[in-house]
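The values are calculated or read from the model by the stated rules, or taken from the named source; none is laboratory data. Not measured: the values here are computed from a predicted model. Cβ placement follows ideal geometry from the backbone for every residue including glycine, while neighbour counts extend to all protein chains displayed.
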Amino acid sequence: MFEGLLINRIFDEKNAPNIILFLYLFGPKTRTEIYDNISRNPRMAVKIEMLMSMGLIEETYGYNGMMNALYLTDLGEKYATSLCELEKLSGGNMEKSRWNHVMSNIEMFTVGKKAKSAVDEKK
């Protein structure tokens, strides 16, 4: 009945909405950062290309002195805002999710730093 809806292309691809939300919450990121934070599934590149072909994300070259970075277009920002609103209507909290992600990365960095210090002390 709803086979022709373009939105189905996004929701049918696992992690495609996550890519949109990740770029919305954390700004432009390299493909590697997206893979590290969302999934290392071999189809991630296909999903990124699909979102690019739909006009939701674009790639900039040499962003901020780093490798190529992906960012949301104006249309992508509208999609992301709508996804956040749907999450809120469902009782979720995007800011809490964002904060938890940031804190987990800080904890990983801190744990890794402590482990490195312990190894260095043994030398």
| Name the residues in the range 40-64 that are in contact with a helix residue (DSSP H, G or I) (Cβ under 8 Å, 6 or more places away or on another chain) and either assigned to a helix (DSSP H, G or I) or of a type in the set (Ser, Thr, Tyr) (or both), would you? | 44, 45, 47, 48, 50, 51
| said: modelled with pLDDT of 90 or more and farther than 18 Å from residue 8 by Cα: is that true of residue 33 in this structure? | reply: yes
| request: May I ask you to list pairs of residues, at least six apart or on different chains, whose Cβ atoms are under 7 Å apart, with the first in the range 68-93 being of a type in the set (D, E, K, R) and the second being surrounded by 13 or more Cβ atoms within 10 Å (Cβ to Cβ) and in a helix (DSSP H, G or I)? | output: 77/24; 87/94
| Selection from the range 5-44 of residues that are surrounded by fewer than 16 Cβ atoms within 10 Å (Cβ to Cβ), of a type in the set (Gly, Ala, Ser) and within 20 Å of residue 75 (Cα to Cα) | 27
| task | Determine whether the range 69-83 contains at least one residue that is surrounded by 10 or more Cβ atoms within 10 Å (Cβ to Cβ), at pLDDT 80 or above and of a type in the set (Lys, Arg). | result | yes
